[in-house]
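Worksheet for the structure shown next.
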Amino acid sequence: MANIVLLDKEGWVSGVVITEGNFLPGDYPHHHYVAVSMEDAHKIKLNANIIWHDSERFFRLTDPKRIWLRLRSQGLYGDSCHREFDFVDQKWIESLPDEAGRAPIGTSMSFPIPKKTDLPSFEFHPGLIIRRSVESEVEVWKEQMVKSGLYKEDDAWVTAAEWLSNPEILPVATVWKNEILQLELYSFQEENLNSATAGFTTHLDRERPYWFWQQAAKPVFEHLVNLGVENVDAYIRADRPDWIQTLKDHYGAEELRGSSSTVLLRYKPKTLLNITGRWPERKLIANWSWREGNITIRQGTADDLPLIKNWLSGNNATTTIWSDGKRLNLVDKWYEIDNATPLLAFDRDNLIDVWLVRQRHSGLSGVVALGLSSQKLNLVRRGMLQWQRDVGYSYSSFFLKKELSGSPLIRNLVDRASWVEEKEYKHFDTPMLEFKVHLQTALSRTL
């Protein structure tokens, strides 16, 4: 009688031989082998995929991530990999020590991607890429899933890993200069090819205007329409009525039914494509400038970006609301993604403030003031508001961390120009306040 565990060249269990006859090594020329007791042979056989031998003794994988990666390296993927993962029963081999990261896991293998989930990478706006999310981004998914409060850490990692290796699922990433702005998930069923289900979705960048997300959805929905998908269903958290209303208002979603925990919405991809307009163009007024005393304000162009960034990097901006890195990132994103207009304020020839103005709605602007110099703030503000009025906006708005709303600088900016606190948003990383002002009213107050 022989009880033999076969090992591959790296020490992983590749088979178990339990025989009442003799074991003939020549029958297994490409394996190493170890003789064990019958009891151990049966235990090892049940969990052969996660047991490793270092030439002296057996070890087991215990880290869920390493177990998953080991199974993927064996050619398993998606549902099949998850089923094998769930089958692992640690109690059968609990007497074996943990390999503690020593065992060579191997490399994840590819998997077949059918046409419906094969979303080619393409640039849908300069610098912006829509593509299928890949397995190497599993940590990003896990972080966002845990952050949502819907998943525990280990469960989130394995669930995300399954999504990213599942042929029946389309995980989508919206990427700007290698920074992931959004992750979203679509799944399909073979028996209902004209329908898809939208799953976990998260905005890693929560500072883009609503129209940006509409534009980002267009290439995905065009892909779905080309596949024959007529309906996309989504189960949305019931504790996010604001998000539910946004999906109805801006994506044409229809509410089908709800419960205490979720609300089922349905989109029609063709409807979304019909209601989504074009990417807003950067607003400019030919030969516009504003001057009062020694203060001059003019519109900026791409040629002014080095000047603006040098000013920010040189700590010439006096406000402490934004860090220098945050402000530099804002300049790039607002200018390149949102087609914002930079407005530069000079005291004689010295740059003292920069505002970025982008479109939120047709008559509503969104602004960010990168300097907010306390000196001559009222003059600068009046010129900045005048440009927005001249270019056709009726209202202006900005967002601010709630914790900063009581600072004297902010109170001066808000109170002197009749800015009104419109709404508090609690689903950002930190609570945010939205302020809004009627431009004509604000200009009459600053005269």
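The values are calculated or read from the model by the stated rules, or taken from the named source; none is laboratory data. Because the structure is predicted, anything quoted here is derived from the model rather than measured. Cβ: placed from backbone, ideal geometry, glycine included. Neighbour counts: every protein chain shown.
Quick notes on this one:
- Members of region 1-58 found to be in contact with a Phe, Trp or Tyr (Cβ under 7 Å, 6 or more places away or on another chain), outside any helix (DSSP H, G or I) and not hydrophobic (A, V, I, L, M, F, W, C), listed by number: Gly11, Asn47
- In the condition set (1) outside any strand (DSSP E or B); (2) in contact with a Pro (Cβ under 9 Å, 6 or more places away or on another chain), Leu247 is compliant with all but (2).
- Where a residue in region 427-440 is over 7 Å from Ser396 (Cα atoms) and assigned to a helix (DSSP H, G or I) and its partner, wherever it lies, is of a type in the set (Lys, Arg) and modelled with pLDDT under 90, with Cβ under 8 Å and at least six apart: none
- Positions within region 334-351 being touching a residue at least 40 places away in the same chain (Cβ under 8 Å) and either part of a strand (DSSP E or B) or buried (at least 21 other Cβ atoms within 10 Å of the Cβ) (or both), in sequence order: Ile337, Asp338, Ala340, Thr341, Pro342, Leu343, Leu344, Ala345, Phe346, Asp347, Leu351
- Taking region 136-188 as the range and being over 16 Å from Pro120 (Cα atoms) and of a type in the set (A, V, I, L, M) as the test, the residues that pass are Val138, Val140, Met145, Val146, Leu150, Ala156, Val158, Ala160, Ala161, Ile180, Leu181.
- Of all residues in region 393-410, those that are over 18 Å from His438 (Cα atoms) and among the hydroxyl-bearing types (Ser, Thr, Tyr) have Cβ atoms under 9 Å from Cβ atoms of residues that are assigned to a helix (DSSP H, G or I) and at pLDDT below 80, 6 or more apart or on another chain, in Ser405/Arg411; Ser405/Val414.
- If you check Glu162, Glu137, Glu179 for being of a type in the set (Asp, Glu) and farther than 25 Å from Asp429 by Cα, only one passes: Glu162.
- Each residue in region 108-144 was checked for being closer than 20 Å to Ser80 by Cβ, surrounded by 12 or more Cβ atoms within 10 Å (Cβ to Cβ) and without any contact (Cβ under 8 Å) to a residue 24 or more places away in the chain, and 1 pass.
- Only residues that are under 26 Å from Pro219 (Cα atoms) and either more than 16 Å from the chain's Cα centre (by Cα) or not aliphatic (A, V, I, L, M) (or both) were counted across region 129-147, and they come to 11.
- Some residue of region 201-222 being farther than 30 Å from Gln388 by Cα, of a type in the set (D, E, K, R), crowded, with 19+ Cβ neighbours inside 10 Å and touching a residue at least 12 places away in the same chain (Cβ under 8 Å): no
- Per-region count, region 380-424, residues small (Gly, Ala, Ser), assigned to a helix (DSSP H, G or I) and out of contact with any Lys or Arg (no Cβ under 9 Å at 6 or more places or on another chain): 0
- Every pair of residues 6+ apart whose Cβ atoms lie under 9 Å, when the first sits in region 32-45 and is within 17 Å of Phe59 (Cβ to Cβ) and touching a residue at least 60 places away in the same chain (Cβ under 8 Å) while the second is among the β-branched types (Val, Ile, Thr) and not in a helix (DSSP H, G or I): none
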